[in-house]
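As structure tokens, the structure follows; a few thoughts come after it.
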Amino acid sequence: MVYDDNFWVMVTDTFNYFCSPLVTFRLKISSYAKMTTNDDQIIINRILEGDTQAFAVLVDRYKSLVFTVTMRMLKHKEEAEEVAQDTFIKVFGSLKNFKGDSKLSTWLYRIAYNSSLDRIKKNKKHLNDVEINQFTTHQIKTLDNALDKLQQDEQSKAIQRCIGQLPSEDSILLTFYYFEELTLKDISEVMGITTNSVKVKLFRSRKRLATILKAQLEPEIIDYYERERR
């Protein structure tokens with residue numbers, strides 16, 4: 001995901017405003033370069049101790065994750081940027097409450113998801129739904145097999161584009177499960193619903209996606225086959 005400079009300047013300015021009262025240990029950001037997500041708690045501890053540069057590392061590590069959620073939910077770049085910024089402000093203010101009961105990424109997904117829901121409710125948005133056609137299990141499986149014939153990069157771009165046309169809940173569910181590879185348990189924690197509800201919603205979202213894929217990707221599949229025969 002590409003972010004324009006204005007977005008991250010805005011985020012940085014906000015962070016500087018909120019972090020300025022803290023005592024900074026002036027640790028160089030390069031000292032975190034080799035850290036992995038397994039070291040999240042170390043970074044969190046340093047942030048809570050007043051190390052603002054550690055917070056910059058946290059932002060850099062998870063900015064794509066947060067923006068993916070807000071963009072899928074809001075489907076509007078400027079709004080998604082604003083809500084991503086708000087998410088990190090909330091994260092900064094709530095880090096002391098993070099107990100490590102779930103992965104930090106799951107916790108961040110939840111904050112980004114709820115922040116996006118709040119924005120949708122505030123704007124009183126009512127996105128058009130996608131009618132679920134009566135696809136049989138066999139037909140959906142056939143569609144999956146057809147998609148497998150596309151080159152991987154083409155398939156990913158095509159599916160991402162179609163997912164973007166779905167209502168917010170369907171869009172984020174499919175993104176969580178298929179592209180972010182969250183487990184059903186992770187998704188239930190993020191969305192605040194049971195795993196059984198996640199399964200039901202995923203099934204319905206997949207059928208809505210099948211409706212769009214069938215209408216829009218069949219020509220692409222035909223084009224692909226024609227190129228292969230040349």
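Just so it is clear, none of the values below were taken in a lab; they were calculated from the coordinates. Small disclaimer: the values here were computed from a predicted structure and weren't measured. Backbone-built Cβ (ideal geometry, glycine too); neighbour counts: all protein chains shown.
Observations, loosely collected:
- Within the stretch 192-214, being more than 17 Å from the chain's Cα centre (by Cα) and among the polar types (S, T, N, Q) holds for Thr194, Thr195, Asn196, Ser197, Thr211.
- A Cβ distance below 7 Å, combined with a sequence gap of six or more or placement on separate chains, defines the contacts here; from the stretch 53-65, residues that are closer than 19 Å to Tyr178 by Cα reach residues that are of a type in the set (A, V, I, L, M, F, W, C) and crowded, with 19+ Cβ neighbours inside 10 Å in the pairs Tyr62/Leu108; Leu65/Leu108.
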